[in-house]
1. Scan region 159-215 for residues that are part of a loop (DSSP other than H, G, I, E, B) and either closer than 19 Å to Gln277 by Cα or within 11 Å of the ligand (Cβ to nearest atom) (or both) and jot them down.
2. Given (1) open to solvent by 40 Å² or more (accessible area, probe 1.4 Å); (2) touching a residue at least 12 places away in the same chain (Cβ under 8 Å), identify the lone condition not met by Glu133.
3. Does Thr176 meet the test of being at pLDDT 95 or above and more than 18 Å from the chain's Cα centre (by Cα)?
4. Of the residues that sit in region 23-63 and are in a loop (DSSP other than H, G, I, E, B) and within 16 Å of the ligand (Cβ to nearest atom), which one is surrounded by the fewest Cβ atoms within 10 Å (Cβ to Cβ)?
5. Out of the residues in region 120-130 that are away from the ligand (no atom under 15 Å from the Cβ) and not in a strand (DSSP E or B), state the one that is surrounded by the fewest Cβ atoms within 10 Å (Cβ to Cβ).
6. Answer yes if at least one residue in region 106-113 is in the same structural domain as Gly304 (by TED's automatic domain parsing), open to solvent by 30 Å² or more (accessible area, probe 1.4 Å) and of a type outside the set (A, V, I, L, M, F, W, C), and no otherwise.
7. Between Glu312, Glu320, which is open to solvent by 30 Å² or more (accessible area, probe 1.4 Å), at negative phi and within 16 Å of the ligand (Cβ to nearest atom)?
8. For the subset of region 251-268 comprising residues that are more than 16 Å from the ligand (Cβ to nearest atom) and assigned to a helix (DSSP H, G or I), which member is most open to solvent (accessible area, probe 1.4 Å)?
Amino acid sequence: MTTQVLTANQLKKEAPVFGQLSFDNHEQIVFCQDKDTGLKAIIGVHNTILGPALGGTRMYDYQTEWDALNDVLRLSRGMTYKAAITGLDLGGGKAVIIGDPKKIKTPELMTRFGKFVHTLGGKYYTAEDVGMETSDMDIVREVTPYVTGISESKGGAGNPSPVTAYGVYMGMKAATKFAYATDSLEGKRILVEGIGHVGEELVRLTAEEGAHVIISDINEERLEQVRLKHGVEIFKGDDLYTESADIYAPCALGATVNDQTIRKLKVKVIAGAANNQLANEEVHGPLLQDKGIVYAPDFLINAGGIINVNAEIAGYSRDEIMVKTENIYNTTLDILNKAKATNTSTNVAALSIAEDRIAAKKESNTQK
Ligand code: NAD
């Protein structure tokens with residue numbers, strides 16, 4: 001999966017579409033527009049070798065349409081590797097809807113979006129992501145069966161976030177074991193950035209184990225609620241990344257592990273829920289390795305959510321969901337050990353395992 005580096009002029013001439021932004025051999029990109037409801041969406045199907053592409057729909061007030069396209073390209077690719085490394089028979093896809101959910105999200109818009117998903121005939125299954133609620137997926141379900149994460153009362157697996165948090169917790173414990181020779185989080189100082197659906201549950205799990213949890217969020221009201229509920233500390237300094245701590249858990253948005261933050265971070269472990277934590281994986285994976293920071297790859301440890309929603313397609317039980325999610329501990333440890341043995345970054349070690357699985361399936365498909 002090496003990316004050919006072309007100059008800007010070469011890109012414009014030789015690869016005016018597929019060579020731009022984060023295109024990485026994506027199979028299909030679908031632009032969807034509906035004037036009546038104001039819907040503008042992009043569905044990205046990255047790879048369907050292992051199975052139908054599954055990935056949530058993110059609704060966000062992107063500054064430009066290019067930002068939205070770039071996001072769906074990056075996120076859908078991430079889903080391919082997430083499903084592959086987790087052993088699920090799923091491909092990678094994702095959708096973005098452009099606009100502020102608080103301002104333009106209506107049942108009519110969600111219905112129209114669901115109809116677009118339906119036109120793909122099951123090549124892409126959608127689910128909830130940032131800016132979406134389970135009730136939105138229920139609306140989509142009325143016009144297409146190709147949606148997961150619907151309400152339990154409607155036969156769905158319900159909110160994936162607590163399962164995602166449990167998987168992140170397992171990955172964090174494995175990375176702690178690798179870095180400190182014990183997986184106990186008792187007494188560890190953990191910075192949790194973003195205390196939303198996943199972050200708060202991670203705060204609960206780690207605080208209950210006796211960790212010293214320090215929380216940060218742009219939502220002050222939530223900070224106070226979570227502090228009171230779980231007895232944790234609110235970060236009061238100017239720069240979270242310079243804080244003395246053992247573990248940094250990015251649970252807000254992506255790209256917070258970058259040139260600036262890596263220079264400042266004092267932690268030994270990075271393990272969190274956010275997608276695409278590394279701003280540039282080819283640069284920042286090796287940089288973390290050089291600095292001796294153990295990075296638990298995001299697409300590996302935040303797979304609890306996809307395990308949860310996949311239960312609706314594959315038909316496995318609640319117990320099986322939790323067993324598969326708990327296994328993130330073993331997979332994480334295997335990958336950290338593999339990265340050490342092969343002297344690669346943990347991100348590359350994880351990607352290569354996922355790529356091997358996809359290549360093997362492709363090979364067996366061509367032999368049929
Ligand atoms: P959420 O929207 O419920 O929570 C995000 C939180 O981050 C909010 O409290 C928000 O105020 C805060 N935030 C936003 N910008 C911030 C900033 N600059 N600094 C600090 N805090 C900030 O989202 P979520 O469902 O908890 O997901 C969190 C992350 O995990 C997202 O990146 C999401 O893509 C990823 N993820 C979620 C799931 C899931 O099951 N929900 C699964 C896999 C990955």
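The values are calculated or read from the model by the stated rules, or taken from the named source; none is laboratory data. This is a predicted model, so every value here is computed, not measured. Note: ideal-geometry Cβ built from the backbone for every residue, glycine included; neighbour counts use all protein chains shown. Heavy atoms of the whole protein, side chains included, go into the accessibility calculation; ligands, DNA and RNA do not. Shrake-Rupley method; radii C 1.70, N 1.55, O 1.52, S 1.80 Å.
1. Asn159, Pro160, Gly194, Ile195, Gly196, listed by residue number.
2. Failed condition: (2).
3. Answer is yes for this residue.
4. In this case the residue turns out to be Gln63.
5. Gly121
6. Checked region 106-113: no residue is in the same structural domain as Gly304 (by TED's automatic domain parsing), open to solvent by 30 Å² or more (accessible area, probe 1.4 Å) and of a type outside the set (A, V, I, L, M, F, W, C).
7. Result: Glu312 is the single residue among Glu312, Glu320 that is open to solvent by 30 Å² or more (accessible area, probe 1.4 Å), at negative phi and within 16 Å of the ligand (Cβ to nearest atom).
8. Among residues in region 251-268 that are more than 16 Å from the ligand (Cβ to nearest atom) and assigned to a helix (DSSP H, G or I), the one most open to solvent (accessible area, probe 1.4 Å) is Arg263.
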